[in-house]
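Heads up, the thing below is written out as structure tokens.
The values are calculated or read from the model by the stated rules, or taken from the named source; none is laboratory data. Please read all numbers here as calculations on a predicted model, not as lab measurements. No Cβ is skipped: glycine too gets one built from the backbone with ideal geometry, and neighbour counts run over all protein chains shown. These accessible areas exclude ligands, DNA and RNA; they are computed on the full protein's heavy atoms, side chains included. Shrake-Rupley method; radii C 1.70, N 1.55, O 1.52, S 1.80 Å.
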Amino acid sequence: MLATLPYILSFLVIATTYWIYRWRNPPCRGKLPPGSMGLPLIGESIQFSIPSRSADMPRFVKTRMEKYGPIFKTSLAGRSVIISTDPEFNNFLFQQEEKCVEFWMMDAYSKLINHTGSSKDGGTSSLGGEYHRYYRRLFLDHLGSEAMFFEFSAKYLFSYDPEKCKVKLWEKFSEVMQALVSFPVRIPGTPFYRAFKIHREIIDFLMNTIKERREVPEEMRKGDCIDQVLEHMKTDPRITDEFIAIVFFGFLLGGTESAASAFTFGMVMLQQNPVVLEQLQRNGQSELTWNEYRSMGYTMQVINEILRTAGPVAAILRRTIKEVNFKGYTIPEDWVILITANGTHLSPEHYEDPLVFNPSRWKDSLTNKNFMPFGGGIRKCPGAELTKAIFAVLLHLLVTKYRWSVKGGEIVRTSLLLGFGEGYRMTVSARS
């Protein structure tokens, strides 16, 4: 036995060395983008999750952009990942939906709602495409440019009244949101385990709400999204109560927390930029009507600048369903591509003085190819117009009816979320 020990050790060393080499050099039929795959199995997950206490882009993204360029490879939680801050590549991917790439979600979210959205990963796999197609169909009807954060959305979806309902949805969703960046391990005591239980409670609540509404006579219904869904169910047997509950859950989770953080950031920026605040006040003297909203030029510039610096969609995830070739790089099938919006929005290559809050940069045009606060292509966020409308109404009310001051607090940005550390203390009072 002792005589064979050196051979066993030699074999283990060779096998381990080869495994590490293959980890650091994934198989590819062409040239992968530059970057580092980090440590075996965990990759660069730890570095990725470290927050930056700054309004600048996340440190993880910034340092690697400086070292490797706007497209680079890494590994996160065992997944081979390409991170892109290149607007040209991002727009190319948006045009390749369901051709070369498909919608993909973080493992924590996928396991939370019991599907992956991937045609390859099994489970209720077909839900991914159907989920987003129905999501857009439903919410563009109700939340498009002709419709006017969380409790508003919940009320519009299913007439949720936080004063009367015993289930405090916002508190529950806040806990779930915090767990999305945790490892998806369902062990008692972990954030994900707690989020999984809360998710089930919310889905049950939403399904009961749908069931109760179905029993209400049609002439007494409220005309919200649930009523529209009940009509769809009559002609499409694929639409089940649980499917709709998942759709509602996704909308509330995906849009409200991030939009609220972005608007809070906007309030802080206005407090720190009195010239911008004063111009908003001058432009907001008249009563807000629909026609007034459509012509709020400077207000829209301010909203765009808020969305650029603190947009609700920090990261967009796709999975390659076939090999992708772009600018001499080859991305193999089954890799994840993470499109980071703040890596583009806060880059000096695309915006002059990107950390300066300057709404006037949007004076000539409210759109450009480097601006993607709501994603792009066929999967662009269906709540985009709703978010801008809510921002416009809130800004109008705040600057014309109230004054506020901000104390303490700090901006904390990760690669996926925008937060405020211990929080800002805001004092709000009505104008005389």
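One line per residue, one yes/no per condition, for (1) hydrophobic (A, V, I, L, M, F, W, C); (2) open to solvent by 10 Å² or more (accessible area, probe 1.4 Å); (3) at positive phi; (4) not in a helix (DSSP H, G or I):
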position	(1), (2), (3), (4)
V61	yes, no, no, no
K67	no, yes, no, no
S75	no, no, no, yes
S80	no, yes, no, yes
I83	yes, no, no, yes
N91	no, yes, no, no
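Residue count for the stretch 305-317 satisfying the condition of being open to solvent by 10 Å² or more (accessible area, probe 1.4 Å) and out of contact with any His (no Cβ under 8 Å at 6 or more places or on another chain): 6.
In the set I390, I411, I337, only one residue is β-branched (V, I, T), out of contact with any Ser or Thr (no Cβ under 6 Å at 6 or more places or on another chain) and within 27 Å of F89 (Cα to Cα); that residue is I337.
When residues in the stretch 322-362 are screened for being in a loop (DSSP other than H, G, I, E, B) and more than 14 Å from C100 (Cβ to Cβ), 15 of them pass. Pull up the stretch 288-304, narrow it to residues that are open to solvent by less than 40 Å² (accessible area, probe 1.4 Å) and either polar (S, T, N, Q) or within 27 Å of W104 (Cα to Cα) (or both), then point me to the one that is nearest to the chain's Cα centre (by Cα). So the residue we want is N304. For the stretch 377-396, indicate whether the set of residues that are over 17 Å from the mean Cα position of the chain (by Cα) and of a type in the set (K, R) is non-empty. Taking every residue of the stretch 377-396 in turn, none turns out to be over 17 Å from the mean Cα position of the chain (by Cα) and of a type in the set (K, R). Number of residues in the stretch 341-397 that are among the hydrophobic types (A, V, I, L, M, F, W, C) and open to solvent by 60 Å² or more (accessible area, probe 1.4 Å) equals 5.
In the stretch 5-14, the count of residues that are open to solvent by less than 60 Å² (accessible area, probe 1.4 Å) and aromatic (F, W, Y) is zero.
Based on what the data block shows, is G328 small (G, A, S) and open to solvent by less than 50 Å² (accessible area, probe 1.4 Å)? No; evaluated as a whole, the condition is false for this residue. Scanning the stretch 216-257 for residues being outside any helix (DSSP H, G or I) and open to solvent by less than 20 Å² (accessible area, probe 1.4 Å) gives a total of 2. (1) open to solvent by 30 Å² or more (accessible area, probe 1.4 Å); (2) at negative phi: which one isn't true of G408, the others all being true? If we test G408 against (1) open to solvent by 30 Å² or more (accessible area, probe 1.4 Å); (2) at negative phi, just (2) comes out false. Under the condition of being in contact with a His (Cβ under 8 Å, 6 or more places away or on another chain) and at pLDDT 90 or above, the residues counted in the stretch 266-298 number 0.
Looking at the stretch 407-432 only, could you name the residues that are under 14 Å from Q272 (Cα atoms) and β-branched (V, I, T)? Scanning the stretch 407-432 gives a single hit, I411.
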